[in-house]
Amino acid sequence: MEAAGAVFAERGFEAAPMSEIAARAEVSLATVYDLFDGKEDLYRSALTEASASILASVTRAVEALTDPGERLRALPAALCACFEENRDLLRIYVRDAHGMPWRARNAMGAEGEPILREFDAWLMKLAEDAAAAGLLKVTTARVFAFVIEGAITTTALRVMELTPEENLETMVPELRAVVTRLLESDT
C-alpha cells in the first residue's frame, strides 16, 4: 500500500504504472494482480487504508482527552500530524481530486464511504459535546464541525500545494488559535 500510495501521489492515477508499484513494493507484477483486480482496485484500497489509518490515529489522540474544549483544540495537531505521516494521501487528494471532497469520495468508492461518514459523525459528536458544555456560543455544533474540518483540511491542502516542503505541523498553532477563538467568541 505504501508503494502504491507513493506512485499514485507522484504520478497520478492515470500515469501510475502497475509495474512501478510492484517494483517499489519489491513483489512481482503477478503478485499485485493476484491481490488486486486492477489499478482502480489498488487505488481505492490505498486511499481507504490511509483514510482508516488517519481516522484511527486522530480519534486515539483526541479521545485521550476528557475536556470537550481541549478535544477540539487538539484536533488541529492530531490531524496535521496524521496528514504529515500520510503525505501521499494528501498528494493524491490534491493531484487527482483537485481538492474537491466529492471527487475524493468518488475515488475511494463504496469501501471508503463508511470511513468518511464515521469521521464526520465523530467530529459532530465532539462539537455536540462542546455545545452541551456551553462552549459553542456563536454557532451550532453542525456548523462548527464543518468549519473546523474545512479549515484544517483546506489549510493542509494549500500548504501541500503551495509549499510542499513545509511541514504541515507548522500550521498547528494558528489552527489551534482559530478553534480557541471560535470557542471563546460571544459574537
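The values are calculated or read from the model by the stated rules, or taken from the named source; none is laboratory data. Everything numeric in this text was worked out from a predicted model, so none of it was measured. Heads up, the Cβs are rebuilt from the backbone with ideal geometry, glycines too, and the neighbour counts pull from every protein chain shown.
For region 1-75, the helices (runs of 4 or more DSSP H) that sit wholly inside it and include 2 or more residues that are within 17 Å of D120 (Cα to Cα) and in contact with a Lys or Arg (Cβ under 9 Å, 6 or more places away or on another chain) are 39-63. Scanning region 3-13 turns up one or more residues that are modelled with pLDDT under 85, surrounded by fewer than 19 Cβ atoms within 10 Å (Cβ to Cβ) and among the acidic types (D, E).
Against the condition among the hydroxyl-bearing types (S, T, Y) and farther than 29 Å from T163 by Cβ, how does T66 come out, does it pass? Let's see the steps before the verdict.
Working: among the hydroxyl-bearing types (S, T, Y): yes; farther than 29 Å from T163 by Cβ: yes.
When the stated conditions are applied, T66 passes them.
The residues listed here are G150, G112; of these, the one that is free of Cβ contacts under 8 Å to residues at least 12 places away in the same chain and small (G, A, S) is G150. Among the conditions (1) surrounded by fewer than 21 Cβ atoms within 10 Å (Cβ to Cβ); (2) in contact (Cβ under 8 Å) with a residue 40 or more places away in the chain; (3) of a type in the set (S, T, Y), S28 misses just one, which is (2).
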